[in-house]
Amino acid sequence: MKGNGLWLRKKYRLRLALLGALLVVTRLAWGQPAVAPSLPSGTLGAVGSDTMAGLVLRWGEALTARHPEINLQFQAGGSASAPTALIAGTTRLGPMSRPMAATERQQFIDHYGYPPLELRVARDALVVVVHRHNPLDVLTRQQVDAIFSTGLACGASQPIRRWDALLDAEQWPYGRIALHGRNLASGTHGLFQQQALCSGQFRVDISEHPGSSAVVAAVGESPNAMGYAGFNHLTPMVKALHLADQHGNALAPKESAIQRGEYPLSRDLYLYVNLPPGEALPAAEQAFIELIMSPEGQQIVRASGFVPLPPSDLNAQQPW
């Protein structure tokens, strides 16, 4: 009896093995994987732009809705914090509201032996804002530089410090222009310096703020104020000025002009990724980037006040 029992158990195990093999063959015959792939899971960390904080967090919420096992944690230390964190290895993902500087890129290469993967994920613009009742409508690049800088690198003949240099004193009798801008860690600060001031130096009396929303709030509360901020932070408390292009055309910061790059202070928003050449992204990071580049991800871009990328730009950037 014991021998028969042992024979039956062996026969039963053999049948199970054959059944398992048959299941694998059947799945392969129908084009199905023999083993189900593991689902993305874990904590996804990102460090970088405070301008993009709301956008990144919304992407994170949508990612968790798709993949409940993924949790995004974002540290908004400013764009300058992204290369540092990427080089230190504390994150694979670095959102930035400006391109990585040549020195930052080289430091990454020196550390890892390969460059970071650069992805453009949305479009944005820098805007010059004044109080909502201010009658000023348009500024030239030279005027912007003369207002915010000390060196007049864009070609203005003299600095502009008072409102009566731009408007009739009876029309806007507020004396000296009070300026507001971003702090040094911000990508917005660096990009405005490069594009609007022709890489000149900022005035030292500009009130610096850690976020664009603070700049907009300060300008909205003061008739004598002017500032620069990100397009997505505009509120009814301020008016965004038109900027004159090189042909003298006054261009408004509208979505169509920003998407085409026609507005003078248009910019791309970036995601830098630590991805060694020839390697695949971990499942969680891949799921995050797939979401960003999807129609849903680009709808979140628009809902967050930024400008979606054209489909051609999205299709050209698939990193796998």
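FYI, it's all coordinate maths here, none of it is from the lab. As the structure is a computational prediction, the values presented were derived from the model and not from experiment. Glycine gets a Cβ as well: all are built from the backbone with ideal geometry, and neighbour counts include every protein chain shown.
Loop-located GluC sites (Glu not before Pro) across the stretch 76-181 with a Cβ neighbour count of 14 or fewer within 10 Å are Glu170, with loop assigned by DSSP.
Please identify every one of the trypsin sites (Lys or Arg not before Pro) in the stretch 251-320 that sits in a loop by DSSP and has no more than 16 other beta carbons within 10 Å of its own beta carbon. The qualifying sites are Lys254, Arg260. Taking 0.36 nm per residue of separation and subtracting the current Cα-Cα distance, fully stretching the chain between Ser222 and Gln194 would add 7.4 nm. Reducing the stretch 189-220 and the stretch 222-298 to their Cα centroids gives an inter-centroid distance of 17 Å. Classified by the C-alpha gyration tensor, the stretch 125-266 has a rounded form. Its axis ratio a/c, with a ≥ b ≥ c, is below 1.5.
Lys/Arg Cβ at +1, Asp/Glu Cβ at -1, dipole of the chain taken about the Cα centre: which of Leu184, Cys198, Phe74 is farthest positive-ward? Going by the charge dipole, the pick is Phe74.
Extension gain, Gln246 to Asp205, is 11.9 nm, computed as 0.36 nm per intervening residue step minus the present C-alpha separation.
Note on P(r) over Cα pairs in 20 Å bins from 0, in percent: of the candidates (i) 35, 61, 4; (ii) 28, 45, 17, 7, 3, 0; (iii) 30, 57, 13, 0, the value calculated from this structure sits at (ii). Only Cα pairs under 8 Å and 6+ residues apart enter the sum, and on that basis the relative contact order of the chain stands at 23 percent. For the chain, the 222 nm mean residue ellipticity estimated from helices alone, with every DSSP H stretch of n ≥ 4 adding -39500 (n - 2.57) and the total spread over all residues, rounds to -11000 deg cm²/dmol.
Label-to-label distance for Gln318 and Ala88 is 3.6 nm, based on points extended 7 Å past Cα in the beta-carbon direction. Annotation: the antiparallel percentage among DSSP beta bridges lying fully within the chain is about 60. With the simple model of a label 7 Å out from the Cα in the direction of the Cβ, Ala185 to Leu167 spans 3.4 nm. For the stretch 127-257, the relative contact order is 37 percent, taking Cα pairs closer than 8 Å that sit 6 or more residues apart in sequence and dividing their mean separation by the residue count. With a cut-off of 14 Å on the backbone N, the residues of the stretch 277-296 near the modelled label site 7 Å out from Glu255 along Cα-Cβ are 296.
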